[in-house]
Amino acid sequence: MADTNPRRALITGISGQDGYYLTKFLQTRGYEVFGVIPCRSPGIGEAGDRLYYADLSDGSNLGQIMDRSKPHEVYNLGAQSHVRLSFDLPVYTADVTGVGTLRMLVAIHEYQQRSGQQVRFYQASSSEMFGKVVETPQTERTPFYPRSPYACAKVFAYWQTINYRESYDMFAVNGILFNHESPRRGEAFVTRKISKAVARIKLGLQARLSLGNIDALRDWGFAGDFVEAMWLMLQQEIPEDFVIATGKVHSVRDFLDVAFDHVELDWNDFVETDETLFRPAEVDVLCGDATKARESLGWQPKVSFEELARMMVDHDLELARREL
Ligand code: NAP
Ligand code: G4F
């Protein structure tokens with residue numbers, strides 16, 4: 001009998017930046033959204049009937065979660081996603097970000113065999129896999145050169161996703177997403193660290209901002225635009241991998257310019273260098289070519305770099321005012 005219930009999606013990493021925007025996006029399309037959250041604090045068993053406690057470093061209840069949520073689509077966004085931190089926690093990062101993806105794939109494959117239901121799988125792959133880039137811009141065909149434990153873990157997850165697609169005829173795809181930011185960005189990532197500091201400096205709540213390598217160049221887009229591409233990848237007839245990027249490159253200095261200009265301050269008066277924030281190996285520049293996504297998915301970014309930086313500062317000004 002045909003399944004007439006709403007489409008169901010299961011999201012790992014639902015409490016993160018992309019989990020937030022993807023949940024909103026799917027809900028506006030009538031999806032029933034289920035989420036996996038790691039158990040870090042009290043409140044076990046009180047996560048709600050669509051939220052399940054699970055840890056990607058422990059696959060023991062992932063199969064049970066598949067049985068309970070019966071998803072048509074799984075978005076694997078859960079990860080230890082901080083590149084600098086991955087140098088301090090390389091084995092943990094490999095386990096959660098790399099092997100965690102494999103645990104999810106195993107759970108989905110076994111669920112498909114048990115239930116006879118087809119599940120579409122999205123893997124949150126990363127432009128960090130290009131690392132010390134061998135060509136610019138980077139496309140779906142550019143070889144990887146990972147430069148951190150995080151990037152190595154993502155390369156492992158990328159190939160496991162392809163292996164499950166090719167071995168078991170699974171609809172499993174990699175979205176190779178370049179940096180994307182928003183007011184929901186974690187505060188340890190450079191754009192949000194800056195936007196939060198700009199707001200607090202403007203209101204007299206903070207005096208200085210310590211940063212690492214401000215010459216790094218990234219292809220920065222808006223998370224709200226990028227989650228739409230995740231969904232589009234799972235609506236295609238054939239499972240394929242896609243690069244998602246703006247194609248425009250800016251330095252951390254550029255972000256400082258726009259963010260401080262927005263509140264009429266000069267960042268040179270406030271920013272200092274902290275050597276401990278440099279990485280053992282840096283990714284100097286990333287620039288994506290999303291031609292395939294534009295042509296096959298009809299996807300393109302809407303929010304510009306300048307709009308993104310101002311949006312984040314405005315949001316953090318609102319938050320900082322509550323501290324006064
Ligand atoms: P994020 O804000 O750091 O969110 C990561 C999510 O993973 C959080 O919900 C976190 O839960 C969860 N998580 C952490 N450890 C876990 C574990 N052991 N088991 C289960 N869940 C765990 O990351 P994001 O920016 O939304 O990115 C989403 C995904 O895309 C990540 O896989 C990231 O690596 C990848 N990606 C991001 C970008 C980007 O520029 N944002 C670009 C390319 C790829 P807590 O909230 O409890 O920590
Ligand atoms: O904001 P970041 O920490 O992002 P990074 O390392 O590019 O990684 C993010 O994007 C990846 C996609 O390419 C994701 F896969 C990954 O999960 C994450 O979301 O650092 C951006 C740049 C780096 O070059 C860093 O060295 O900013 C430089 N930077 C300079 N000062 C800093 C700082 N980064 C951070 N986090 N904190 C600083 O104080």
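The values are calculated or read from the model by the stated rules, or taken from the named source; none is laboratory data. Just so it is clear, the model here is predicted, and its values are computed rather than measured. No Cβ is skipped: glycine too gets one built from the backbone with ideal geometry, and neighbour counts run over all protein chains shown. These area figures cover heavy atoms from the full protein model, side chains too; ligands, DNA and RNA do not enter into them. Shrake-Rupley method; radii C 1.70, N 1.55, O 1.52, S 1.80 Å.
Among the residues of the range 103-115, is any within 16 Å of ligand 2 (Cβ to nearest atom), surrounded by 15 or more Cβ atoms within 10 Å (Cβ to Cβ), among the charged types (D, E, K, R) and in contact (Cβ under 8 Å) with a residue 24 or more places away in the chain? No, that holds for no residue. Of the numbered criteria (1) over 16 Å from the mean Cα position of the chain (by Cα); (2) within 12 Å of ligand 2 (Cβ to nearest atom); (3) small (Gly, Ala, Ser), the one residue 199 fails is (2). Going by the structure shown, is residue 199 assigned to a helix (DSSP H, G or I), touching an Asp or Glu at 6+ places or on another chain (Cβ under 6 Å) and outside the structural domain of residue 73 (by TED's automatic domain parsing)? Yes: the conditions hold for residue 199.
Being in contact with a Cys (Cβ under 9 Å, 6 or more places away or on another chain) and surrounded by fewer than 19 Cβ atoms within 10 Å (Cβ to Cβ) is the requirement here; does residue 232 meet it? Show your work before the answer.
Details: in contact with a Cys (Cβ under 9 Å, 6 or more places away or on another chain): no; surrounded by fewer than 19 Cβ atoms within 10 Å (Cβ to Cβ): yes.
The answer is no for residue 232.
Kindly indicate which of 173, 190 is in contact (Cβ under 8 Å) with a residue 12 or more places away in the chain and either open to solvent by 40 Å² or more (accessible area, probe 1.4 Å) or more than 15 Å from ligand 1 (Cβ to nearest atom) (or both). That would be 190, the only listed residue that is in contact (Cβ under 8 Å) with a residue 12 or more places away in the chain and either open to solvent by 40 Å² or more (accessible area, probe 1.4 Å) or more than 15 Å from ligand 1 (Cβ to nearest atom) (or both).
Does residue 237 satisfy being over 24 Å from residue 140 (Cβ atoms) and open to solvent by 40 Å² or more (accessible area, probe 1.4 Å)? The answer is no for residue 237. Within the range 254-282, which residues are closer than 21 Å to residue 305 by Cβ and exposed (fewer than 15 other Cβ atoms within 10 Å of the Cβ)? Scanning the range 254-282 gives 264, 265, 266, 268. Scanning the range 46-72 for residues that are surrounded by 21 or more Cβ atoms within 10 Å (Cβ to Cβ) and within 19 Å of the chain's Cα centre (by Cα), we see that the one that is nearest to residue 35 (Cα to Cα) is 54.
Looking at the range 135-150, is at least one residue outside any helix (DSSP H, G or I), within 17 Å of residue 219 (Cα to Cα), free of Cβ contacts under 8 Å to residues at least 40 places away in the same chain and hydroxyl-bearing (Ser, Thr, Tyr)? Yes, some residue in the range 135-150 is outside any helix (DSSP H, G or I), within 17 Å of residue 219 (Cα to Cα), free of Cβ contacts under 8 Å to residues at least 40 places away in the same chain and hydroxyl-bearing (Ser, Thr, Tyr). Residue 225 fulfils the conditions (1) in the same structural domain as residue 173 (by TED's automatic domain parsing); (2) open to solvent by less than 30 Å² (accessible area, probe 1.4 Å); (3) out of contact with any Lys or Arg (no Cβ under 8 Å at 6 or more places or on another chain) except for a single criterion, (3).
List every residue pair whose Cβ atoms sit under 9 Å apart, with the two residues 6 or more apart in sequence or on different chains, where the first one lies in the range 50-64 and is closer than 21 Å to residue 112 by Cβ and the second, anywhere, is surrounded by fewer than 16 Cβ atoms within 10 Å (Cβ to Cβ) and at pLDDT below 95. Correct list of pairs: 54/39.
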